[in-house]
Amino acid sequence: MSTPPDLQVPEGPLVTADWLEAYLGHPRVRVLDVRGRHPSSALPHAKLAEYTAGHIPGAAFVDWEHDFIDRSDPVSVQVARSDAFAARAGELGIGDGDVIVTYDDYYGIFAARVAWAFRYYGAESRVLDGGWLTWRDAERPVTDAVVERRRATFTARPRPLLRRTLTDVLQARERGALLIDARPRHLFLGEAGTANTGHIPGARCLPYQELVDGATGLWAAPAAVARLARDAGIDPDRPPRELIATCGSGVSATVAMLSLERIGVHCEGVYDGSFNEWGADGSRPVEYGAAAA
């Protein structure tokens, strides 16, 4: 039996297809297929059929709406509690010390969300730049074989700052924290009287669809991210003291968080309930139109 290569994990939130292909089968690398559809789709939101037809060798399938989710929480798709998260990770053969690599085929939002969730619970995780689309188009290895992994022991070690609750966000706003909203621009701008539009007062707009190329799954180059950040009112050379990412449900916010990380702008955490929770209470203020400079 050949000895696996030493695992050299690159800095930053992403790994390339070359890196992943070189480490396929490494005993410490766990690949998760998180392909899915936007919640507005009438088709199944988790692409299990597509996974069954073909996936990256060794990848386990993750249903982004049900795996690693707290189904008892009245706010949709909130991250699972530590015991449930650890149990599901262990069922997928993910143990302490493993490096998790996630991929999807929709702007990286589901892959980034699951990678963020593992980071929140203390694991080392990366997102595959280009995701399934670039992997497939480059004719890299694909299989329909499902690997049954032995149950492993995953110890959840929460990093509380990475996940912000409504109370956390209210307190952070009082001390001057800035929110960055990753929803599509038209939802951020919104219109009074139109449900689920507008934004938390003072938030800035950094849409996920401008941070990842939907046709290729490749993440925007750092120079492009820096330009988009400046356009949103965030100076990478003088970033806010405290920055929190938000969106509709805490999913695409993770793309904004990881993109900013690539240009050296530290985002403290993700508001897990995001606008779904904020906007559910009519007493909370909502702004419409472009963010104030």
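The values are calculated or read from the model by the stated rules, or taken from the named source; none is laboratory data. Just so we're clear, the structure is a prediction, and the values are computed from it rather than from any experiment. Cβ placement follows ideal geometry from the backbone for every residue including glycine, while neighbour counts extend to all protein chains displayed. Surface accessibility is based on the protein's heavy atoms, side chains included, excluding ligands, DNA and RNA. Shrake-Rupley method; radii C 1.70, N 1.55, O 1.52, S 1.80 Å.
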* Asked: In Å and whole numbers, how far do the C-alpha atoms of segment 50-195 stretch along each principal axis, longest first?
  -> 50, 35, 25
* Asked: When the Debye formula is applied to the Cα atoms of segment 74-124, each taken as the same point scatterer, what base-10 log of I(q)/I(0) results at q = 0.27, 0.31 Å⁻¹?
  -> -1.18, -1.31
* Asked: Going through segment 217-293, which trypsin sites (Lys or Arg not before Pro) have at most 12 other Cβ atoms within 10 Å and a DSSP loop state?
  -> 241
* Pair residue 196, residue 150: separation of 7 Å Cα→Cβ label points (nm) -> 4.5 nm
* **Taking only Cα atoms of segment 221-278, radius of gyration then Dmax in Å** => 11.3, 33
* To do: With a point put 7 Å past each Cα toward its Cβ, work out how far residue 18 is from residue 143 in nm, to one decimal.
  => 2.4 nm
* **Convex hull of Cα atoms in segment 38-99, direction-averaged projection (nm²)** => 5.5 nm²
* Asked: So which chymotrypsin sites (Phe, Trp or Tyr not before Pro) in segment 196-288 pass both tests, a DSSP loop state and at most 12 other Cβ atoms within 10 Å of the Cβ?
  -> none
* Asked: Based solely on its DSSP helices, what 222 nm [θ] is calculated for the chain when runs of n ≥ 4 H residues each add -39,500 (n - 2.57) and the sum is averaged over all residues, nearest 500 deg cm²/dmol?
  -> -7500 deg cm²/dmol
* Asked: Stretch residue 157-residue 28 to full length: gain in nm at 0.36 nm per residue minus the Cα-Cα span?
  -> 44.6 nm
* Taking the Cα atoms only, what angle lies between the long axis of helix 109-120 and the longest principal axis of the chain, rounded to 10 degrees? -> 80 degrees
* Over the Cα atoms of the chain, what is the Rg over Rh ratio if Rh follows Kirkwood? -> 0.96
* Asked: Of the accessible area of the chain, with the probe set at 1.4 angstrom, what percent is carbon plus sulfur?
  -> 50 percent
* Percentage of Cα-Cα pair distances in segment 1-55 greater than 15 Å, rounded to whole percent? -> 63 percent
* Over the Cα atoms of segment 189-293, how large are the radius of gyration and the largest Cα-Cα distance (Dmax), in Å? -> 13.8, 41
* Asked: Relative to a virtual label point 7 Å from the Cα of residue 81 in the Cα→beta-carbon direction, which members of segment 98-139 show backbone nitrogen distances below 17 Å?
  -> 121
* Asked: Label 7 Å along Cα→Cβ of residue 7; segment 130-152 residues with amide nitrogen under 15 Å?
  -> 150, 152
* To do: Any chance you could list the semi-axes, whole Å, largest first, of the equivalent ellipsoid that the Cα gyration tensor gives for segment 128-238, using √(5λ)?
  => 33, 23, 16
* Structure fact -> Within segment 1-132, the percent of DSSP beta bridges that are antiparallel, given to the nearest 5, stands at 15 percent
* Structure fact -> Residue separation between residue 43 and residue 216 times 0.36 nm, minus their alpha-carbon distance, gives in nm 60.1 nm
